[in-house]
1. Restricting attention to region 291-349, which chymotrypsin sites (Phe, Trp or Tyr not before Pro) occupy a DSSP loop and are surrounded by at most 14 other Cβ atoms within 10 Å?
2. How much accessible surface does His332 have with a 1.4 Å probe, in Å² rounded to 10?
3. Based on Cβ point charges of +1 for Lys and Arg and -1 for Asp and Glu, what charge dipole magnitude is obtained for region 111-201 about its Cα centre, in debye rounded to the nearest 20?
4. Which listed residue (Tyr366, Gln423, Thr478) has the Cα farthest towards the positive end of the charge dipole for the chain, taking +1 on Lys and Arg C-beta and -1 on Asp and Glu C-beta about the Cα centre?
5. If r is the Cβ-Cβ distance from Ala464 to Gln226 and R0 is 60 Å, what FRET efficiency results, to the nearest 0.05?
6. At q = 0.11, 0.19, 0.21 Å⁻¹, what is the base-10 log of I(q)/I(0) for region 287-427 according to the Debye formula with one equal point scatterer per Cα and no solvent? Please give it to two decimals.
7. Can you give the relative contact order of region 242-337 as a percent, counting alpha carbon pairs under 8 Å and 6+ residues apart?
8. Taking the Cβ of Asn242 as the center, what net charge do the other residues with Cβ under 10 Å away carry, scoring Lys and Arg +1 and Asp and Glu -1?
Amino acid sequence: MTSSDESISEIQTFFKGTNVFVTGATGFIGHVLVEKLLRTCFVNKVYLLVRPKKNKDPQTRLREMFSSTLFTRLWDEKPEFIEKVLLISGDCAEPNMGLSRADEEFMVANMDIVIHCAATISLNGPLKHTSFINVRATRDLLLIARRMRKLKSFVHVSTAFVNPNQAITEEIMYDCHIQGDALINLVENMSDSILNSITPECLGSWPNTYTLSKCVAENLVKEYGQNMPICIVRPCIVMYTNEEPIPGWVNMMKSVPGLCLGVGLGAIHVVYVDPNVSGIIIPADNVANMIITAAHHASKPRSNPTIPIFNHVPNNMAPPLTYGQGLNYIIHLLLKKKIVSENQVWKPYVILTSSKVLFTFFFYIYHYLPAYFVDSCLWIVGKKPRVTKIYKKMEVMMRDMSYFSCTDFKFDDKQLKALISSQSDEDKKLFNMDVTNMNWEKYFFQSILGIKKYILKDSEDPKAGQKRHQTIMVAYYTLSIIIYGCLLYLSYVLLKMVFPIN
């Protein structure tokens, strides 16, 4: 080891001078992972698989990615990092990931580390599209990686919910009733209509196409990844960054992050969730650190041919947190800290229920009725009604998520804890994935500020939004008085009918 190497950690030494290929870099986890690799790991080059999207070519998407606030610290500390980033055009929905022959052979000859993050996270997406991205792309990348002459490590990013039909999800590979190649052959040769009709039968005991596809993909890793330096990581629901490179950052509003935003703005008042179920969430920066640490671990020789698997969940490490506590933290902090947004919709409050009947009833009362009224007003003034459509999407999202928000999942994380223990003291600081000392109230406070800054683009002036907030509160209390007045009057009329006064 040279004198210049003595000041860097074991994991940094492993990554130093390597070429790293990353799929899913434009996604939430991908953003945070790529930033950390470039800022901390002394890599030679990072190659990102990027596809065209929404009339934007891959180069445009890459420029937009690195213009994000997430990369401000990296630009300040290492402005030359951009020279290390190279684009490989491709699409995980296409055969062989849409790679040209030249790009494939370049990867075979030059890549040292592969991190496969790409996935569609649509829970009930069409079986064909979900299988192309989550299953076929995994197989095709494994086949390419098997030919890589310099391969030191391959990390497959799965999900903690890959086997939700297990009483306790252990860090082992579970068999699936559908073989990977058989599923790929099925979706490649059947029409969408036929596939949609047989999807319930294909799912078996899995609740949706997302979890099924991730389980099938893991089994492909087992099949094609034997004798490779490979591992599987299983993060749970990935949330806002906790510390690095900035606290409270997020770039997507699907799933739980979007739900928290809606509750905080007073746009969502009814949530389909069991408030007592453990909240299985993890900050994105801890996940990125876990992936990097796992990549180093996978490179080590192992006597056991079993592929290492790591469940990255907070349940057995972090202080207890339920979904109800998490959502109530948001409302409590907004009121306690007097945080308001220029985009506030209504007074924040929330009703939590795990009852399908009550959810349907309350959602209609608190969301659809106001939406019908607003859309009617928009139609009258000649504008396009849109609010009801938004709430229909919210309802579908919550019903899709209800399997996870109303079930108390149990996980084993012994191998994750062993992975943490294997880190050197320096790597524990540089690549922290341990959430034992997580302060959830502080975390949610940082997340609220992050949403205001990075998603809503609110002004940093503390007075900004106050006028809108005051107007909303006046409207809220005025409407409450009218509604309760009407209810009291209705009660009075009913009592007179039941107990007439002679």
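1. When the chymotrypsin sites (Phe, Trp or Tyr not before Pro) of region 291-349 are filtered for loop state and at most 14 Cβ neighbours within 10 Å, Tyr349 remain.
2. Solvent-accessible area, nearest 10 Å²: 90 Å².
3. 540
4. Thr478
5. Between Ala464 and Gln226 the formula returns 0.55.
6. Ignoring solvent entirely, the Cα scatterers give -0.71, -1.21, -1.32.
7. The normalised contact order for region 242-337 reaches 42 percent.
8. Result for the neighbourhood of Asn242: -2.
The values are calculated or read from the model by the stated rules, or taken from the named source; none is laboratory data. Just so you know, these numbers come straight off a predicted model, no measurement behind them. Please note: Cβ atoms are built from the backbone with ideal geometry, for glycine as well, and neighbour counts cover all protein chains shown. Ligands, DNA and RNA are stripped out before the accessible areas are found, and what is left, the full protein with its side chains, is counted by its heavy atoms. Shrake-Rupley method; radii C 1.70, N 1.55, O 1.52, S 1.80 Å.
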